[in-house]
1. On C-alpha positions alone, give me the angle between the axis of helix 25-79 and the longest principal axis of the chain, in degrees, nearest 10.
2. Mean separation of Cα pairs under 8 Å and 6+ residues apart, divided by the residue count of the chain: what relative contact order is that in percent?
3. Using a simple spin-label model with points 7 Å from Cα along the Cα→Cβ vector, what separation in nm is obtained for residue 93 and residue 112?
4. Report the extension gain between residue 61 and residue 37 in nm, rounded to one decimal, defined as 0.36 nm multiplied by the number of residues separating them, less their alpha carbon distance.
5. Whole-Hz ³J(HN,Hα) for each residue in segment 82-95, computed from phi via Karplus 6.51 cos²θ - 1.76 cosθ + 1.60 with θ = phi - 60°, x for glycine and proline: what do you get?
Amino acid sequence: MKQQYLLKKMNNIYKTDTKYTAFSLLEMIITTFIVGFIMTVVALVLTTLIKVSVVTTNKTAARNDSEFVLELLRRNVKSSNPSEVSLYNTVEKRTYNKDTGKVSVGGDFTTSVAKNKPANEIHFRPQGSQNWVCLAYYKER
């Protein structure tokens, strides 16, 4: 009796069920479309985040570079001799072309304007340098 019980038990263990359960083709297609839609949305969000990150990084780099240049300019101007700063009235010497956005130079810069006279350009010579630097040019007085 014990032997029959063991044989029956072994047959139940190794018995294969011939009835299969699976997903239908319609269920698989719907699942594929849902997963594809979700992946498309995720891809769009990720590409947008990457673009925003690149723009932010570039803006930060530009801000850091401009702050560096301004600090360098500030130090140069601070350490310059005040007699090495000149103001010029270059309305007649320079002309601005609105179509091209370029400034053309004419004349020389040997004499600066007198005190309390209008000027539209600032030059200075950094300490220890032989070259003059145009600090600012204003199109109109």
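Here, each number is a calculation from the coordinates, and none is a lab measurement. Small disclaimer: the values here were computed from a predicted structure and weren't measured. Using ideal geometry, Cβ is built from the backbone for each residue, glycine included, and neighbour counts are taken over all protein chains shown.
1. 20
2. Details: 103 pairs, mean separation 24.8, N = 141.
Contact order relative to length: 18 percent.
3. Using points 7 Å along Cα→Cβ, the separation is 1.2 nm.
4. Values: separation 24, 0.36 × 24 = 8.64 nm, distance 3.63 nm.
Contour length minus the Cα-Cα distance gives 5.0 nm.
5. 3J(HN,Hα) across segment 82-95, in whole Hz: x, 6, 9, 10, 10, 10, 10, 9, 10, 4, 7, 7, 10, 10.
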